[in-house]
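Here the structure comes first, spelled out in structure tokens, and everything after it is commentary.
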Amino acid sequence: MTAVQRPPSLGRTASRGAVVTFGGQVIRITIQLLGIVLLARMLSPTDYGVTAMVLAIIGVGEILRDFGLSSAAIQAKTLTAGQRANLFWINVGIGAALTVVVIALAHPIADFYGDDRLVLVTIVLSSTFFLNGFATQFRADLNRSFRFGALATIEIAAQALSLVIALSLAALGWGYWAIVAQQVLQVFFQAVALPIMGGWWPGLPRRGEQMKPLLAFGGGLVGAQVLNYASRNVDSIVIGRAFGAQSLGYYNRAFQLMLLPLNQINAPSTRVALPTLSRLQDQPKRYGEFISFGQTVLLNIVSLVLGFSVAQATDVIAVALGPQWAPTVPLFQILAIAGFFQAAAFASYWVFLSQGLTTPYLWYTIWTRPFVIGLIILGALWGTEGVAAMYLASTALLWPIGLLWLRRRSTAPLLRLFLNGLRTLIVYGLAAAASYASTLLLPEASPFLRIGVGLLTFLAALAVTVLAFPPFRRDIASIIAARRLLARSRPAAAADATDTLEDPA
């Protein structure tokens, strides 16, 4: 008798997905870092400021365009072909409408900043709404099906091709148009490749499908995301309006350097965590183990990069971007610390989404984000560094507030998540301080020497902490044993239907 092959366990699927996703992110980080280094030497801070002015305002349209429906599709336990088709056409319709709206707003945006160059930039960038609207559900389907390898391949290829074209345009003297072209072409290449790789086509909209739960999930999420976006981008709008394109260019590069490790770790972590946690809602112990472990991995990777970068920011930026970007250093140091708190708070976001708590999440943002926006606007009284400092203060406050908000709404191990973050902050903060102190007496004209000594000191401080601090030692041991934790499986006879991935569509 031929043995029936049992579907892979959820743990094994998540494990493979994590390996593939993070492997792809290593390549993406390399390409993105290469782009930052090369373009920074070919373009001016003003070039970056021009595009950042427009993106800070119209970026909110990307949230409205998605309308939370990609997360709704991923989070849903079952999704029919009809529901999938309807979600596709809703996203396409919203994307097309937003393209028209943004084109109409091109002149008002330019008038707001007092820069006529922004008219055509806004019109060209508006095309990304339609392209992303078209691609949204194809991307969500690959994500939901745990086809992380296909998704990573598409994203890497699109990123590499758009970077090559941007570098070519920058070399030809196209200035900020190189950045605009990179933004549009990256989305265009993905929109072409996703349906080919996905292997499905939505067909016409269908009546009689249960769309209300999906739209309710997306509607609750989109309101919170709009407020989040406003609080995270009001700094760019304030700086662009008050201090001009050049100051915004410096701030934008500092912010993007902070986001480089943050987005490249947070995005794939969420890509793996959300569908996995959504399927573990009815298994509190496994849910708690997975989210605690996921947060530990995320925080240690992010802190490793940001902690060292803060300690050696002067030399790292001088080597990576060039001496003309020196005003970016203090901004980056402030924002990088804020990046840690953003990473720490991401576990709360996983809880909200995976457990379908979009209404509590909306109310949480309604109560907290206006306060954040007010702090950032107040920070403009002290210039761009004041804006960065208030961004840090608000981000640090939101981390524990988010956990407290979930206290009566979720069974997630919230205290454990807080202690994970606090422990990581202390450990990597001390290592960064040691690294900074180790290079104070070294000659400023030897940046590579300073970076090398600082890195060795940083790693040595972490090694000592592993030996002397058992909780941190357990964190590192759990990361090393990641495969075993995620891939743990039960005997075939004990297989639980909830531990396999099934999609009736």
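The values are calculated or read from the model by the stated rules, or taken from the named source; none is laboratory data. Here the structure is a predicted model, which means the values were calculated and not measured. So basically every Cβ, Gly included, is an ideal-geometry build from the backbone, and we count neighbours across all protein chains shown.
Residues that are at pLDDT below 85, in a helix (DSSP H, G or I) and either surrounded by fewer than 23 Cβ atoms within 10 Å (Cβ to Cβ) or aromatic (Phe, Trp, Tyr) (or both) are absent from the stretch 390-400 altogether. Considering each residue of the stretch 389-405 in turn, at least one proves to be under 23 Å from the mean Cα position of the chain (by Cα), over 18 Å from Ile291 (Cα atoms) and of a type in the set (Val, Ile, Thr). In the stretch 404-428, the residues that are closer than 19 Å to Thr365 by Cα never reach a residue that is loosely packed, with under 13 Cβ neighbours inside 10 Å and at pLDDT 90 or above with C-beta atoms less than 7 angstrom apart, at least six apart or across chains.
Here's the yes/no breakdown for (1) under 21 Å from Leu169 (Cβ atoms); (2) assigned by TED's automatic domain parsing to the domain that holds Arg286; (3) modelled with pLDDT under 55:
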site	(1), (2), (3)
Ala14	no, yes, yes
Val19	no, yes, yes
Gly23	no, yes, no
Val26	no, yes, no
Ile29	no, yes, no
Gln32	yes, yes, no
Gly49	yes, no, no
Ala52	yes, no, no
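Only one entry of Phe371, Phe346 meets the criterion of being modelled with pLDDT under 90 and under 13 Å from Ser231 (Cα atoms), and that entry is Phe371.
Within the stretch 323-333, at least one residue is farther than 30 Å from Arg407 by Cβ and of a type in the set (Phe, Trp, Tyr). Can you name every residue in the stretch 147-172 that is closer than 19 Å to Leu43 by Cβ and modelled with pLDDT under 90? Passing the criteria: only Gln159.
The combined condition, being in a loop (DSSP other than H, G, I, E, B), out of contact with any Leu (no Cβ under 6 Å at 6 or more places or on another chain) and either under 23 Å from Leu456 (Cβ atoms) or in the same structural domain as Leu415 (by TED's automatic domain parsing) (or both), is fulfilled by Leu280. Taking the stretch 174-205 as the range and being more than 24 Å from Ser126 (Cβ to Cβ) and assigned to a helix (DSSP H, G or I) as the test, the residues that pass are Ile196, Met197, Gly198.
Within the stretch 96-151, if we keep just the residues that are assigned to a helix (DSSP H, G or I) and among the polar types (S, T, N, Q), the residue that is farthest from Phe189 (Cα to Cα) turns out to be Thr122. Just one of the listed residues (Ile58, Ile90, Ile94) is surrounded by 17 or more Cβ atoms within 10 Å (Cβ to Cβ) and modelled with pLDDT under 75, and it is Ile58.
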